[in-house]
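Below is one structure, written out as structure tokens; comments come after it.
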Amino acid sequence: MALYAFIAPPLAGHYGPMAALAGGLIDRGHRAVFVDVPGAETLLTDPRIGFMALPGAVAGTLEQTTARLVGQGGLRHLPALLADMRARFAAFSAGLPDALARIGAQCLVVDQLEPAAGLVAHHLGLPCLTVACALPIDADPTLPPPFTGWSWRTGALARLRNRGGWWVQNRLLAGLNADIARQSAGWGQRADGMVACQSPVAIAQTVAGFDFPRSTQALLPLGPLRAPPRAARPLTPPPGSGPLIFASLGTLQGGRADVFAAIAQAVRRLGGRLIIAHGGRLANAHIAALPGQTLAVDFVDQTALLPHVDAVISHGGLNTTMDSLAAGRPLIIVPFAFEQAAIGARLVRSGAGLVVAPGPRLAQRLIEPLTGLLGLPEYRVAAARLATEIAGAGGLARAVAIADALPTNRHAEAA
């Protein structure tokens, strides 16, 4: 059996799918070790998964980066986040080869946003599988770039807009791309950007029916990578007979008390009940002030809860979005940053939900779309259609089979 090294951004939304894949490989007799900066091991809950601190990594890096991500408020944070990406690339380029040698890694499973790990795999000749835990970043001139909330359109103006968007993205990533080119040249490779660092066979958590139509399908769309729901005591919803709504803003934005309060006000005005998962970031005083029939918890097993709710209100993270659609539940997305607006645009096009911009009077602006989501059958029909597609995409089982084939290079057979 093989030892697999996992490399992913130290965020719950990335570690969760990768840990599910690691657990599936362990079930088949393999070993799995995550390599990352000190402190990232707290994101792992499966005791069977190992962890190794990246040689040379500075303690405190995780806290600094997470704090900037939590405080994401627009362009003023962008230079620091781009600098974090370059620093992480440099640290992994320097320290990962030694770490892999120490643990005896035979295969790598690499998040698409970790270009250094892909380069190291090529450099060392190790089999590698790239996983797009977030929205795929593969450049496609027929699509808007993933940092925009543009809808999908055809025609000359749309192509021109897309071309301009990709130009902006390339300018923003010019420093990182130069680092990639320089490091790859030093190792006798020719990579000019993040996508050039990924494996020949790569997988994504999306499905074709949810994503925009791509001119080329560079990643296998397998749907969400989730372990089976844990056997746990069911969550008791708030009392009453009104529609049950689940709200989550992810682990980074879970402290937005004003947004949760607005959601609770809208749900109360519609006579509904609300379950909030805030990732441990919402203060007790804010929880106590939430109106209506509201239950606020730190964390919840989404795959177990979602089949029992009527609708979801989310920030637009890919995990919550795909989990909701896998359960056939329509969504309202309130996007804040990163690729959330782009995920919202895809949701709207799929017909399974709506987007409401954050900002003033959010409670009032949520009422009409939430009323439509609960009352109009077309949203549930679209969500059910995507649930069927997701169920047939393969998900974790297919991802494990592909990764399991890495040591013998049987990618095509497993896929």
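The values are calculated or read from the model by the stated rules, or taken from the named source; none is laboratory data. Treat the numbers as computed from the prediction; the structure is a model and nothing was measured. Using ideal geometry, Cβ is built from the backbone for each residue, glycine included, and neighbour counts are taken over all protein chains shown.
At-a-glance table
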| item | result |
| --- | --- |
| Qualifying residues in the range 197-207 (those that are modelled with pLDDT of 95 or more and assigned to a loop (DSSP other than H, G, I, E, B)) - the one surrounded by the fewest Cβ atoms within 10 Å (Cβ to Cβ) | V207 |
| Conditions (1) over 25 Å from the mean Cα position of the chain (by Cα); (2) closer than 26 Å to P136 by Cα; (3) at pLDDT 95 or above; number of the one not met by I367 | (2) |
| Yes/no for G240 being farther than 21 Å from M18 by Cα, at pLDDT 90 or above and not hydrophobic (A, V, I, L, M, F, W, C) | no |
| Among the residues listed as L274, L325, L295, L370, the single one being outside any helix (DSSP H, G or I) and buried (at least 20 other Cβ atoms within 10 Å of the Cβ) | L274 |
| Members of the range 173-196 found to be in a helix (DSSP H, G or I) and surrounded by 16 or more Cβ atoms within 10 Å (Cβ to Cβ), listed by number | L176, N177, D179, I180, A181, Q183, S184, V195, A196 |
| Residues of the range 202-218 satisfying the condition of being more than 15 Å from the chain's Cα centre (by Cα) and not charged (D, E, K, R) | A202, A208, G209, F212, P213, S215, T216, Q217, A218 |
| The range 175-192, residues that are among the hydrophobic types (A, V, I, L, M, F, W, C) and in contact with a helix residue (DSSP H, G or I) (Cβ under 7 Å, 6 or more places away or on another chain) | L176, I180, W187, A191 |
| Positions within the range 121-139 being under 23 Å from the mean Cα position of the chain (by Cα) and surrounded by fewer than 18 Cβ atoms within 10 Å (Cβ to Cβ), in sequence order | A139 |
| Restricting the range 301-315 to residues that are in a loop (DSSP other than H, G, I, E, B) and surrounded by fewer than 19 Cβ atoms within 10 Å (Cβ to Cβ), the residue that is modelled with the highest pLDDT | D310 |
| Filtered residues of the range 208-230 (kept if part of a loop (DSSP other than H, G, I, E, B), touching a strand residue (DSSP E or B) at 6+ places or on another chain (Cβ under 8 Å) and within 20 Å of S324 (Cα to Cα)) | A208, D211, L222, L225 |
| Pairs with Cβ under 6 Å, 6+ apart, first in the range 100-114 and on the phi > 0 side of the Ramachandran plot, second surrounded by 17 or more Cβ atoms within 10 Å (Cβ to Cβ) | G104/L3 |
| Residues that are among the hydroxyl-bearing types (S, T, Y) and either surrounded by 16 or more Cβ atoms within 10 Å (Cβ to Cβ) or assigned by TED's automatic domain parsing to the domain that holds A357 (or both), drawn from the range 140-170 | T148 |
| Candidates Q72, Q64, filtered to the one that is part of a helix (DSSP H, G or I), modelled with pLDDT under 90, within 23 Å of the chain's Cα centre (by Cα) and of a type outside the set (D, E, K, R) | Q64 |
| Answer residue from the range 10-33, given it is at pLDDT 95 or above and part of a loop (DSSP other than H, G, I, E, B) and is surrounded by the most Cβ atoms within 10 Å (Cβ to Cβ) among those | H30 |
| Q253 vs. criteria farther than 15 Å from V309 by Cβ, out of contact with any Lys or Arg (no Cβ under 6 Å at 6 or more places or on another chain), surrounded by fewer than 21 Cβ atoms within 10 Å (Cβ to Cβ) and of a type outside the set (D, E) | no |
| Some residue of the range 342-354 being hydroxyl-bearing (S, T, Y) and either in contact with a strand residue (DSSP E or B) (Cβ under 7 Å, 6 or more places away or on another chain) or crowded, with 17+ Cβ neighbours inside 10 Å (or both) | yes |
| Exclusive hit being aromatic (F, W, Y) and farther than 29 Å from G394 by Cβ, set W166, W152 | W166 |
